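Participant: Can you keep this structure in mind? I'll have questions shortly.
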Amino acid sequence: MRLCLFCGVEPFFTPYYDPKRNYQIEGFHSLWHRAFWSRHTFRDRAHVQTELPRFEHWYHYVYQPPALQGRTPAQMRRGIAHTRLPHAQRQLIPCDRLPITAGRIHFMCKVDATGQLELLNETWLVGRKWIGEYVRATINTAEQSITFWHKADEACAWRLLKRHQFRLKETVLPVLPIFRRNRTRCREYLPG
């Protein structure tokens, strides 16, 4: 999250433990566990980093996911440009602990049977009216606030349900000008 915020990206997290909403990443995680993590006994992080390129090569150039109808991920990506941070931007990213930068972090969460949801080790009351519904929680680090939003369907606008303070224990730094986005796309789509 810190790296995303530092680079001017608004991360959006899908609901935890909800395979129907996370099926692509859950499927990949299952494959990664079967084909890599459970096949080795790793001594340390360096050992993982040494073995990982073999798995990555297999995944991109040998493995044929069922959804790709006999093609590998590398074959599907042919002709698609890879976007990487320019060298000047990569050099600005601190090697040690990243600061908290001004920005927003979004989470989709399901309201539990008590009208609450758990997020970042805290429980938040949304309201009994929203039991079983999915809501979006948005943390605004610059404002040190958290807002809860609901959208009944695609045709409806987002509706603000609640706003609370979300105090951070660290100083929030502004986004460096070189990382500032000049598109309002996310802000137009996700108010808050």
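The values are calculated or read from the model by the stated rules, or taken from the named source; none is laboratory data. Here the structure is a predicted model, which is why all the values come from computation and not from measurement. No Cβ is skipped: glycine too gets one built from the backbone with ideal geometry, and neighbour counts run over all protein chains shown.
Residues are listed down the side, and each one gets a yes or a no for (1) in the same structural domain as T171 (by TED's automatic domain parsing); (2) within 28 Å of Y134 (Cβ to Cβ); (3) not in a loop (DSSP other than H, G, I, E, B):
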residue: Q24; (1), (2), (3): no, yes, yes
residue: R43; (1), (2), (3): no, no, no
residue: E51; (1), (2), (3): no, no, yes
residue: A81; (1), (2), (3): no, no, no
residue: P94; (1), (2), (3): no, no, no
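Participant: Which of the residues spanning segment 96-128 are of a type in the set (A, V, I, L, M, F, W, C), at negative phi and assigned to a loop (DSSP other than H, G, I, E, B)?
Facilitator: Step one: of segment 96-128, the residues of a type in the set (A, V, I, L, M, F, W, C) are 98, 100, 102, 105, 107-109, 111, 113, 117, 119-120, 124-126.
If we keep only those that are at negative phi as well, we get 98, 100, 102, 105, 107-109, 111, 113, 117, 119, 124-126.
Correct list: L98, A102, V111, A113, V126.
Participant: Please list, ordered by first then second residue, the pairs with beta carbon atoms under 6 Å, 6 or more apart or interchain, first in segment 162-182 and within 19 Å of T138 (Cα to Cα), second in a loop (DSSP other than H, G, I, E, B) and of a type in the set (D, E, K, R).
Facilitator: Listed pairs, sorted by first residue: none to list.
Participant: Something else now. Anything in segment 139-166 that is of a type in the set (A, V, I, L, M, F, W, C) and assigned to a loop (DSSP other than H, G, I, E, B)? List them, or say none.
Facilitator: In the first step, residues of segment 139-166 are kept if they are of a type in the set (A, V, I, L, M, F, W, C); the result is 139, 142, 146, 148-149, 152, 155-158, 160-161, 166.
Once the filter is applied, which keeps residues that are of a type in the set (A, V, I, L, M, F, W, C) and assigned to a loop (DSSP other than H, G, I, E, B), segment 139-166 yields A142, A152, A155, C156, A157, W158, F166.
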